[in-house]
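The structure appears right after this line, and notes come after that.
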């Protein structure tokens, strides 16, 4: 995760898709997407209030609002579906 400045806008960047989804739900505007040399997609969000964004990122990693629990359950169920599909 990093913050960069593009023109007059500050962009917060992350390759963590769960964090990107959380920020989108929280109302952050997607300002850019790029791909790094390894093929990983980097999401860039317009960071108009860095102090609030930092709080939101900590809330995400501290599982406030149960978002991480939801994402982990989703990933587990997706794995289960693919595992059962491969066993047939």
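I'd like to check which strands (runs of 3 or more DSSP E) are fully inside the chain and have at least 2 residues that are modelled with pLDDT of 85 or more. Can you show your working first?
Numbers: elements: 2-6, 9-14, 30-35, 41-46.
By residue number, 9-14, 30-35, 41-46.
Contact list please: Cβ distance under 8 Å, first residue in the stretch 1-14 and more than 11 Å from residue 49 (Cα to Cα), second residue modelled with pLDDT under 65, pairs at least six apart or on different chains.
13/2; 13/3; 13/4
Could you please find all residues in the stretch 65-88 being over 14 Å from residue 21 (Cα atoms) and touching a helix residue (DSSP H, G or I) at 6+ places or on another chain (Cβ under 8 Å)?
None - no residue of the stretch 65-88 is over 14 Å from residue 21 (Cα atoms) and touching a helix residue (DSSP H, G or I) at 6+ places or on another chain (Cβ under 8 Å), so the list stays empty.
For the stretch 35-46, which positions are over 14 Å from the mean Cα position of the chain (by Cα) and either touching a residue at least 12 places away in the same chain (Cβ under 8 Å) or surrounded by 14 or more Cβ atoms within 10 Å (Cβ to Cβ) (or both)?
Filtering the stretch 35-46 down to residues over 14 Å from the mean Cα position of the chain (by Cα) leaves 35-39.
Within the stretch 35-46, 36 is the sole residue that qualifies.
Taking the stretch 36-64 on its own, how many of its residues are touching a helix residue (DSSP H, G or I) at 6+ places or on another chain (Cβ under 9 Å) and within 15 Å of residue 18 (Cβ to Cβ)?
Within the stretch 36-64, the subset touching a helix residue (DSSP H, G or I) at 6+ places or on another chain (Cβ under 9 Å) is 41, 43, 45, 47, 53, 56-64.
Imposing the further condition that a residue be within 15 Å of residue 18 (Cβ to Cβ) reduces the set to 41, 43, 45, 56-64.
Residues that pass the stated criteria total 12.
The values are calculated or read from the model by the stated rules, or taken from the named source; none is laboratory data. Here the structure is a predicted model, which is why all the values come from computation and not from measurement. With ideal geometry, Cβ positions are generated from the backbone for all residues, glycine too; neighbour counts draw on all protein chains shown.
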